[in-house]
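Presented below is the structure to which this report refers.
The values are calculated or read from the model by the stated rules, or taken from the named source; none is laboratory data. Nothing here was measured: the structure is a model prediction, and the numbers come from that model. Glycine also receives a Cβ, built like all others from the backbone with ideal geometry; neighbour counts cover every protein chain displayed. Remember, those area values only see protein heavy atoms, side chains included, never the ligands or the DNA or RNA. Shrake-Rupley method; radii C 1.70, N 1.55, O 1.52, S 1.80 Å.
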Amino acid sequence: MNEVLALDAVSKRYPDGVVALDDVSVSVTAGELVAVVGPSGSGKSTMLNLAGTLDRPSSGRIMVDGHDVAALPDRQLSALRAGYIGFVFQQFHLAPGCGALDNVADGLLYTGAGLRERRDRAADALRRVGLARRLRHRPHELSGGERQRVAIARAIVGDPGLVLADEPTGNLDSATGDGIMNMLRDLNAAGTTVLVITHDQDLARGLPRRIVLRDGRIVADAAVAS
Ligand code: ADP
């Protein structure tokens, strides 16, 4: 069994004393598509930030692709994050002055590949998300759904093992959101492990595994009968 991500007795207490995660243990295997659900403030984003090595736990152990995150020097941790994890956020987080192609190509800066190769790979990733005809468009020239597709292309351009998506449909109407979810499903069907945070119960019900958080604790972790 190839474990992509493991949280072992992980807690997170913010400096102001808020305990956002309280003794959470979870394991995600290669090829899974997992929904993380729960009300606002239940700790979903905190869990995703920890899984993505963007933040460190107060206690407990986090393993990403077999590496104990706390044991990695900063440089190796950055390399793991850049090379192994793709992020998709509710707010897209695209650079406003850059076209779609360069927004996606920037996702490969860490690889040291030259500009032409980065752009070639970016064009491929944009093709995969159906945006072959929008390469030069800047974010303000794209619809919300298209912006999120650019963000997905940026997340997958480096061929990550794990994609972490934090409310990727939160800023989209439901039809557009369904399209984005289908894209994440296709990505998963092609072999990428995907963890998606959502407060949309309908959306979560359609996914094969659902982890439910409440007050920083996992209250359910179940495969959904399909
Ligand atoms: P969710 O994503 O489920 O809405 P969060 O992980 O964002 O939940 O937040 C969980 C709890 O931690 C909340 O009470 C929130 O106010 C608190 N919190 C989140 N981020 C911070 C932070 N950077 N500093 C202090 N408290 C935080």
Item checked: Residue among 144, 181, 88 farthest towards the positive dipole end of the chain, charges placed on Cβ -> 144
Next item on the list: Label the range 40-126 by shape, choosing from rounded, prolate and oblate, from the square roots a ≥ b ≥ c of the eigenvalues of the Cα gyration tensor; if a/c is under 1.5 it is rounded, and otherwise prolate applies when a/b is larger than b/c, oblate when it is not.
Entry: oblate
Notebook entry, point to check: Could you give the accessible area per residue of the chain, probe 1.4 Å, as a whole number in Å²?
Noted result: 48
Item checked: Relative packing of 40-51, 127-138, 166-177, which averages over residues the other C-beta atoms within 10 Å, highest first -> 40-51, 166-177, 127-138
Notebook entry, point to check: Treating the beta-carbon of each Lys and Arg as +1 and of each Asp and Glu as -1, no other charges, what is the dipole magnitude of the range 75-196 about its Cα centre, to the nearest 20 debye?
Noted result: 400
Notebook entry, point to check: Of 157, 97, 169, whose Cα points farthest to the positive end of the dipole of the chain (charges on the beta-carbon: +1 Lys, Arg; -1 Asp, Glu; origin at the Cα centre)?
Noted result: 97
Next item on the list: Please report, to one decimal in angstroms, the Kirkwood hydrodynamic radius of the range 92-141 built from all distinct Cα-Cα pairs.
Entry: 10.8
Margin query: Please report the carbon-and-sulfur percent of the accessible area for the chain; probe 1.4 Å, protein heavy atoms only, DNA, RNA and ligands left out.
Written below: 46
Note to self: With just the Cα atoms defining each centre, how far is the range 48-123 from the range 166-205? Give it in Å.
What the structure shows: 19
Item checked: residue 56 versus residue 171: modelled label distance in nm, points set 7 Å from Cα along the beta carbon direction -> 3.1
Next item on the list: At 7 Å along the Cα-to-beta-carbon direction for both residue 71 and residue 221, put a label point, then send me their distance in nm to one decimal.
Entry: 2.1
Next item on the list: Taking the Cα centre of the range 1-123 as origin, sum charge times position over the Cβ atoms of Lys and Arg (+1) and Asp and Glu (-1), and report the length of that vector in debye to the nearest 20.
Entry: 280
Note to self: Is the C-alpha gyration tensor of the range 118-166 telling us rounded, prolate or oblate? Criteria: a/c under 1.5 is rounded; beyond that, a/b larger than b/c is prolate, otherwise oblate.
What the structure shows: oblate
